[in-house]
Amino acid sequence: MLAYQRTYEKILEDLRNDVYPVNSLLPPEPKLEEIYHVSRTTVRRAIAQLADEGYVKVKQGYGTVVLKNIYPDDSFAFSRLRHFEDIISVRHASIPDPQHMTARGMYVDLVEADVKTAEALNIGIGTPVYRLQRIFYSRDIPLMYLFDYIRTDFFPQLDKYTNEFWDLYPFLIKKYGVQYKGCVEYISAAAADLVDSQILHIEPGAPLLKTRRVAQCDKGPLEYAVLHVRTDVTELCITMGDNIPFDSTN
């Protein structure tokens with residue numbers, strides 16, 4: 001679990017215990033840093049998640065208002081699941097011929113980090129990073145394409161290993177001796193542009209699933225990844241609460 005996630009959970013626990021009553025203000029950022037022994041960036045990310053889920057509202061020049069406490073007992077379990085608070089796993093399902101899935105067209109180059117990449121990797125804007133590009137196929141059907149942005153100081157000379165691996169994390173763990181710590185993934189809908197249509201063999205405007213992932217290792221940020229996935233041949237499965245078997249063909 002990442003630092004901001006731990007802080008998020010601790011604040012939720014304090015909400016449950018009415019440390020911060022509804023309609024009160026959370027302590028200011030410096031005080032939250034002191035209470036939870038974390039950095040200001042960590043506090044802001046935890047507060048942002050709380051705000052996204054409707055627990056608090058940040059009012060510029062006023063403070064962070066508590067809107068609700070977390071659900072106090074198991075009678076609200078279904079409502080909590082509807083808000084994605086008990087996710088067990090997220091995986092791609094219904095991939096055609098998954099046993100024949102391959103990565104093609106790997107290309108590694110150096111680019112300057114833009115604002116989102118710099119924030120995700122905790123580096124300055126314009127800092128050189130490795131960009132790893134791959135297209136994933138099932139037999140001859142392109143399913144998705146992936147951009148990985150990786151810090152050069154953590155993983156030097158990564159560009160020398162182009163096409164020498166298929167799965168990024170096991171390679172980085174084995175080659176560079178890092179330890180995987182976890183990740184956060186953001187999922188959204190998107191429409192295919194001309195580049196998407198050419199790479200994935202679909203019409204411009206076709207619906208896509210877009211995910212952004214920030215993974216962590218013991219050194220710090222492991223990668224910032226952007227993935228575009230065809231929705232006509234793949235399906236995303238999100239498991240919440242008990243892992244109940246489900247037949248996706250029904």
Within segment 135-159, considering residues that are crowded, with 21+ Cβ neighbours inside 10 Å and of a type in the set (D, E, K, R), the one nearest to the chain's Cα centre (by Cα): 148
Every pair of residues 6+ apart whose Cβ atoms lie under 7 Å, when the first sits in segment 46-61 and is modelled with pLDDT under 90 while the second is of a type outside the set (A, V, I, L, M) and assigned to a helix (DSSP H, G or I): 49/8; 50/8
Any hit, segment 175-194, residues being surrounded by 15 or more Cβ atoms within 10 Å (Cβ to Cβ), in contact (Cβ under 8 Å) with a residue 40 or more places away in the chain and farther than 30 Å from residue 6 by Cβ: no
Odd one out for residue 195 among (1) modelled with pLDDT under 90; (2) of a type in the set (Val, Ile, Thr); (3) out of contact with any strand residue (DSSP E or B) (no Cβ under 6 Å at 6 or more places or on another chain): (1)
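In segment 107-134, which residue that is assigned to a loop (DSSP other than H, G, I, E, B) and of a type outside the set (Val, Ile, Thr) is surrounded by the most Cβ atoms within 10 Å (Cβ to Cβ)? Before the answer, list the steps.
Filtering segment 107-134 down to residues assigned to a loop (DSSP other than H, G, I, E, B) leaves 113-114, 122-127.
So of that shortlist, the ones also of a type outside the set (Val, Ile, Thr) come out as 113-114, 122, 124, 126.
Details: 113: 21, 114: 12, 122: 13, 124: 9, 126: 11.
Among those residues, the one meeting the criterion is 113.
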Subset of segment 47-66 that is surrounded by fewer than 14 Cβ atoms within 10 Å (Cβ to Cβ) and over 21 Å from the mean Cα position of the chain (by Cα) - its residue that is nearest to residue 18 (Cα to Cα): 57
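Pick from segment 7-27 the residues that are β-branched (Val, Ile, Thr) and surrounded by 13 or more Cβ atoms within 10 Å (Cβ to Cβ): which of them is farthest from the chain's Cα centre (by Cα)? Spell out the reasoning first.
Initially, segment 7-27 is screened for residues β-branched (Val, Ile, Thr), giving 7, 11, 19, 22.
Retained after the next criterion (residues that are surrounded by 13 or more Cβ atoms within 10 Å (Cβ to Cβ)): 7, 11, 19.
On the way: 7: 17, 11: 21, 19: 30 Å.
Checking each candidate, the answer is 19.
The values are calculated or read from the model by the stated rules, or taken from the named source; none is laboratory data. Since we're looking at a predicted model, the values are computed, not measured. A quick note on method: Cβ atoms are made from the backbone with ideal geometry, for glycine too, and the neighbour counts reach across all protein chains shown.
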